[in-house]
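Working notes for the structure below.
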């Protein structure tokens, strides 16, 4: 069984009614998020000028995100986040944010895989990650059968 830790961008896809979000969420067995992700999602909601969209975001938060288990940041997560994100940037592997680093640190501490659309930055930090909404790609470079 895979333990999932959901990133903000996957939650945004759910709020925007991505067709694969609900089936994935219902089929995933061990799903949580992090307190810092809840905050990042709500920051985005409260920054939206359109009142109807803001209300839709608030409702999605109350009906879905607030009901998910959520991990807090622990003191050592901050050091680990800074180290991983800083190294990824220094090595030119990506530009993970502070929030990305914190989520990666929590994922490593809890043995979770980050569910994110931003696979590149999490992989650059050495964090297990996957985009659960991405369709499997078809290898178009393979020669046709004769």
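The values are calculated or read from the model by the stated rules, or taken from the named source; none is laboratory data. In this text, all values refer to a predicted model and were calculated from it rather than measured experimentally. Note that we place each Cβ from the backbone using ideal geometry, even for glycine, and neighbour counts take in every protein chain shown.
When the range 107-123 is filtered for residues that are under 12 Å from the mean Cα position of the chain (by Cα) and farther than 21 Å from residue 91 by Cα, the ones remaining, listed by number, are 107, 112, 113, 114, 115, 116, 117. In this entry, residue 32 passes the filter for residues that are within 16 Å of residue 3 (Cα to Cα) and surrounded by 14 or more Cβ atoms within 10 Å (Cβ to Cβ). The sole residue among 59, 40 that is over 17 Å from residue 21 (Cβ atoms), out of contact with any strand residue (DSSP E or B) (no Cβ under 6 Å at 6 or more places or on another chain) and surrounded by 12 or more Cβ atoms within 10 Å (Cβ to Cβ) is 40.
Of the residues that make up the range 35-51, is at least one under 15 Å from residue 129 (Cα atoms) and either in contact with a helix residue (DSSP H, G or I) (Cβ under 8 Å, 6 or more places away or on another chain) or modelled with pLDDT of 95 or more (or both)? Among the residues of the range 35-51, not one is under 15 Å from residue 129 (Cα atoms) and either in contact with a helix residue (DSSP H, G or I) (Cβ under 8 Å, 6 or more places away or on another chain) or modelled with pLDDT of 95 or more (or both), which makes the answer no.
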